[in-house]
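Participant: This structure is in structure tokens; I'll ask about it shortly.
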Amino acid sequence: MWCLHCMPLTLKAVHVCTGSGASVTRDLVLPVLKHVAGKDYRLRLQLHAGSTSEILEIFQEFGMGQDHVKVIFGGYGGNQPLLQEWLQQRQLIEKDRYDFLEKQKEQQEAEEPTSPTAMD
């Protein structure tokens, strides 16, 4: 999605949470968005479905405890010093996890032939 490249930030991951029942957003809209977004963003979109306790368990796998999760999802959400520490840790983890995407992009750009210059 070209519009995402104009934002002054780097999107590392998006976690979307839905309930455990059927959802038009989860079943129809998100698959279309993932397809349109392209490979880089498709890999970064995480969809979580289930009860509040199931979502909290899933978030634990990503290093997010109840202190990092909003109250609406069963967390405490709002511990700023803890959140800042966690964000620094996650940035290092995510850099390692998605660094291969940047390397692939650099390789592709290096392999692209340069356009020939006009001969006089």
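Just so you know, all these numbers are worked out from the coordinates, no wet-lab data involved. Worth saying up front: this structure is predicted, and the values here are computed from it rather than measured. Here Cβ is always computed from backbone atoms with ideal geometry, including for glycine, and neighbour counts include all displayed protein chains.
Participant: Going by amide H atoms built from the backbone, whose H comes under 5 Å of the H on Val69, apart from near neighbours?
Facilitator: Tyr76, Gly77
Participant: On a full-extension model of 0.36 nm per residue, what is the gain between Tyr76 and Glu111, subtracting their alpha-carbon distance, rounded to one decimal in nm? It would help to have the intermediate numbers written out before the result.
Facilitator: Working: separation 35, 0.36 × 35 = 12.60 nm, distance 4.86 nm.
Additional length available on full extension: 7.7 nm.
Participant: Rounded to the nearest 0.05, what FRET efficiency do Arg42 and Thr10 have when you use their Cβ-Cβ distance and R0 = 22 Å? Don't jump to the answer; show the numbers that get you there.
Facilitator: Values: r = 16 Å, r/R0 = 0.73.
So, using R0 = 22 Å, E works out to roughly 0.85.
Participant: Could you give the length gained by full extension between Gln84 and Lys34, i.e. 0.36 nm per residue of separation minus their alpha carbon distance, to one decimal place? Don't skip to the end; give the middle numbers.
Facilitator: Numbers: separation 50, 0.36 × 50 = 18.00 nm, distance 2.90 nm.
Full-extension gain reported as 15.1 nm.
Participant: For Gln46, list long-range residues whose amide hydrogen, built 1.01 Å from N in the peptide plane, is under 5 Å from its own amide hydrogen.
Facilitator: Val14, His15, Val16
Participant: Mind checking the full-extension length gain between Gln60 and Leu101? Use 0.36 nm per residue of separation minus the Cα-Cα distance, one decimal, nm.
Facilitator: On the way: separation 41, 0.36 × 41 = 14.76 nm, distance 2.48 nm.
Value of the extension gain: 12.3 nm.
Participant: Given the pairs Lys34/Lys70; Lys12/Lys39; Lys39/Lys105, which span a C-alpha to C-alpha distance of over 19 angstrom in this model?
Facilitator: Details: Lys34/Lys70 24 Å; Lys12/Lys39 13 Å; Lys39/Lys105 12 Å.
Violating the 19 Å limit, Cα to Cα: Lys34/Lys70.
Participant: Quick check on the exposure proxy: order Phe59, Phe100 from fewest to most C-beta atoms within 10 angstrom. If you can, show how the numbers build up before the last one.
Facilitator: Details: Phe59 21, Phe100 9.
By the 10 Å Cβ count, ascending: Phe100, Phe59.
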